[in-house]
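To start, the structure itself, in structure tokens.
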Amino acid sequence: MTARHQRPLGRRKLLVALGGAAVAAPAIAAIAPHALADNGSADRAGTEAAGTLPLTVVNETGSFGNGDVHLYVVGNADGKQVRLTPDGTLAPIALSDNGADGFTDYAISLSGGGEAQLSLPYMSGRIYVALGEKLKFKAVTDGAGNAALQYPAGWVSSDPNYGVLHDCAEFTYNASGMFCNTTMVDMFSVPMAIRLTGAKDQTTGTVKAGGRAAAFAAVRQVEEFAPLVIDDTRIIAPGHGLDAGLFAKDYFAPYIDEVWSTYTGKDLTVTTNAGTFTGRVRGEQFTFSGPASVSFAKPSTRDVLFCDGALAAPNDGTTGPVAAVLGAGFNRSTLLSSPAQPTTDPAAFYGTALTNHYAKAMHAATEDGKAYGFAFDDVADFASYIQDTAPTGIRLTLTAF
């Protein structure tokens, strides 16, 4: 079982790391569990003195010319929000960066050869790509009076970037190494793959030939999920769809009720790096004993989709890991089929009619079967995540539509 969801920071905890960006709704920047690596290492050396890593972004979309590809590298370093300039230096976010239209222009262009060659200093953040139009990032003031960046929210119809075809990959690069992933936790739009070289040569996120269209079609075929498909632009994750009124607030209720009923009469075991927890529903609380006593109230559909609320995972090494496994079990619909969790055989995932069909489609679309379809998709190592403690280069390829 993977230890990633037991690291000091989980995906949703990183909204602070990328995150004074959270100040400017509707966009909340959230980074996946890779950012567990100690980002404070950048503080020790200073960003400018930190070792840089070659970053290459390649256009193999076959649908967009190089002049239509706009690249943005934004995030945090030394406790400040920053963006990468074309010359490989980090510039702080500044309110004066907003132009006459009220938005910044941090776009980095691809060369005529269809690549962008950059030097990446220590930072934690996102690599955004926009196809056709540029993204509208807005510099704002956060609650502490510091300059922060309002991120795109492609799942919010009123967002100025709603009509722009865009997507992102996530990363943390510091003295501990490079930790990176593609992500569909918020939405899926642009197929992309990450190749990370160093101690090993690793690739993840590669979408199969025709996989994008297949994912769109698969989600459209499920009545409850069909409204999440926005033309041919993107598929919105069901949690955001729920908040937007596009997805039923009680979708998972029958499954949640059955789980609660089933484990009133028998035990569920959850194995984590801390040990094995044994749980049973008592008085509406799912209570576990083992290395520590932890309990959970009955979650809502929203809690399941966001792996939050009643399934929130604190970084305590006990409640957090159990919550992560439960969140994965609900999304993958494996809690009733196996009283021993986590389930590690992907053939057993998404096997019921009532399941997270969005996450199912994301995994079916990739060559290695890995994807970040929900926040704790890293449970049992099924997320499109790779890391290297001695990296020599990272390559992000925008693949064919």
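The values are calculated or read from the model by the stated rules, or taken from the named source; none is laboratory data. These numbers come from a predicted model, not from an experiment. All Cβ positions, glycine included, derive from the backbone under ideal geometry; neighbour counts span all protein chains shown. SASA here: full protein model, heavy atoms, side chains in, ligands and nucleic acids out. Shrake-Rupley method; radii C 1.70, N 1.55, O 1.52, S 1.80 Å.
Residues in the range 354-401 that are touching a Ser or Thr at 6+ places or on another chain (Cβ under 9 Å), aliphatic (A, V, I, L, M) and in a loop (DSSP other than H, G, I, E, B): LEU354, ALA371, VAL379, ALA380, ALA383, ALA400.
Name every residue in the range 75-127 that is small (Gly, Ala, Ser), part of a strand (DSSP E or B) and out of contact with any helix residue (DSSP H, G or I) (no Cβ under 7 Å at 6 or more places or on another chain), in order of residue number.
Restricting attention to the range 75-127, the residues satisfying the condition of being small (Gly, Ala, Ser) are 75, 77, 79, 88, 91, 94, 96, 99-100, 102, 107, 109, 111-114, 116, 119, 124-125.
Now restrict to residues that are part of a strand (DSSP E or B): 75, 77, 91, 109, 116, 119, 124-125.
If the condition is that a residue be small (Gly, Ala, Ser), part of a strand (DSSP E or B) and out of contact with any helix residue (DSSP H, G or I) (no Cβ under 7 Å at 6 or more places or on another chain), then GLY75, ALA91, SER109, ALA116, SER119, GLY125 are the ones that fit.
When you look at PHE277, is it over 30 Å from LEU396 (Cα atoms), at pLDDT 95 or above and open to solvent by less than 10 Å² (accessible area, probe 1.4 Å), yes or no?
Working: over 30 Å from LEU396 (Cα atoms): yes; at pLDDT 95 or above: yes; open to solvent by less than 10 Å² (accessible area, probe 1.4 Å): yes.
When the stated conditions are applied, PHE277 passes them.
Can ALA107 be described as touching a Lys or Arg at 6+ places or on another chain (Cβ under 8 Å), surrounded by 14 or more Cβ atoms within 10 Å (Cβ to Cβ) and under 16 Å from VAL58 (Cα atoms)? Spelling it out, ALA107 is indeed touching a Lys or Arg at 6+ places or on another chain (Cβ under 8 Å), surrounded by 14 or more Cβ atoms within 10 Å (Cβ to Cβ) and under 16 Å from VAL58 (Cα atoms). Among the residues in the range 172-183, are any under 19 Å from the mean Cα position of the chain (by Cα) and more than 23 Å from PRO121 (Cβ to Cβ)? Looking through the range 172-183, none of the residues is under 19 Å from the mean Cα position of the chain (by Cα) and more than 23 Å from PRO121 (Cβ to Cβ).
So, in the range 48-104, how many residues would count as being surrounded by fewer than 19 Cβ atoms within 10 Å (Cβ to Cβ), among the charged types (D, E, K, R) and in contact (Cβ under 8 Å) with a residue 60 or more places away in the chain? So the count comes out to 4.
Condition check ((1) in contact with a strand residue (DSSP E or B) (Cβ under 7 Å, 6 or more places away or on another chain); (2) of a type in the set (A, V, I, L, M, F, W, C); (3) surrounded by fewer than 24 Cβ atoms within 10 Å (Cβ to Cβ); (4) within 30 Å of ASP68 (Cβ to Cβ)) across all residues:
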{"site": "TYR350", "(1), (2), (3), (4)": "no, no, yes, no"}
{"site": "GLY373", "(1), (2), (3), (4)": "no, no, no, yes"}
{"site": "ARG395", "(1), (2), (3), (4)": "yes, no, yes, yes"}
{"site": "ALA400", "(1), (2), (3), (4)": "no, yes, yes, yes"}
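None of THR318, THR355, THR301, THR366 is over 20 Å from the mean Cα position of the chain (by Cα) and either open to solvent by 10 Å² or more (accessible area, probe 1.4 Å) or not basic (Lys, Arg) (or both) except THR318.
Evaluate the range 161-177: report whether one residue or more is open to solvent by 30 Å² or more (accessible area, probe 1.4 Å) and without any contact (Cβ under 8 Å) to a residue 24 or more places away in the chain. Looking for residues that are open to solvent by 30 Å² or more (accessible area, probe 1.4 Å) and without any contact (Cβ under 8 Å) to a residue 24 or more places away in the chain, one finds at least one in the range 161-177, hence yes. List every residue pair whose Cβ atoms sit under 8 Å apart, with the two residues 6 or more apart in sequence or on different chains, where the first one lies in the range 189-209 and is touching a residue at least 40 places away in the same chain (Cβ under 8 Å) and closer than 18 Å to ALA237 by Cα and the second, anywhere, is part of a strand (DSSP E or B) and polar (S, T, N, Q). Hits for this filter: MET192/THR182; MET192/THR397; GLY205/ASN181; GLY205/THR182; GLY205/THR366; VAL207/THR366.
Any idea which of GLY88, GLY102, GLY75, GLY125 is farther than 20 Å from GLY154 by Cβ and either at pLDDT below 95 or out of contact with any His (no Cβ under 9 Å at 6 or more places or on another chain) (or both)?
Numbers: GLY102 fails: farther than 20 Å from GLY154 by Cβ; GLY75 fails: farther than 20 Å from GLY154 by Cβ; GLY125 fails: farther than 20 Å from GLY154 by Cβ.
Selected residue: GLY88, the only one of GLY88, GLY102, GLY75, GLY125 that is farther than 20 Å from GLY154 by Cβ and either at pLDDT below 95 or out of contact with any His (no Cβ under 9 Å at 6 or more places or on another chain) (or both).
Being in contact (Cβ under 8 Å) with a residue 60 or more places away in the chain, on the phi > 0 side of the Ramachandran plot and surrounded by fewer than 24 Cβ atoms within 10 Å (Cβ to Cβ) is a condition met by no residue of the range 336-346.
Of everything in the range 178-205, what is assigned to a strand (DSSP E or B) and open to solvent by less than 20 Å² (accessible area, probe 1.4 Å)? Give them in sequence order. Break it down stepwise before answering.
Kept after step one, since they are assigned to a strand (DSSP E or B), are these residues of the range 178-205: 178-182, 187-188, 192-197, 201-204.
Once the filter is applied, which keeps residues that are assigned to a strand (DSSP E or B) and open to solvent by less than 20 Å² (accessible area, probe 1.4 Å), the range 178-205 yields MET178, PHE179, CYS180, ASN181, THR182, MET187, PHE188, MET192, ALA193, ILE194, LEU196, THR204.
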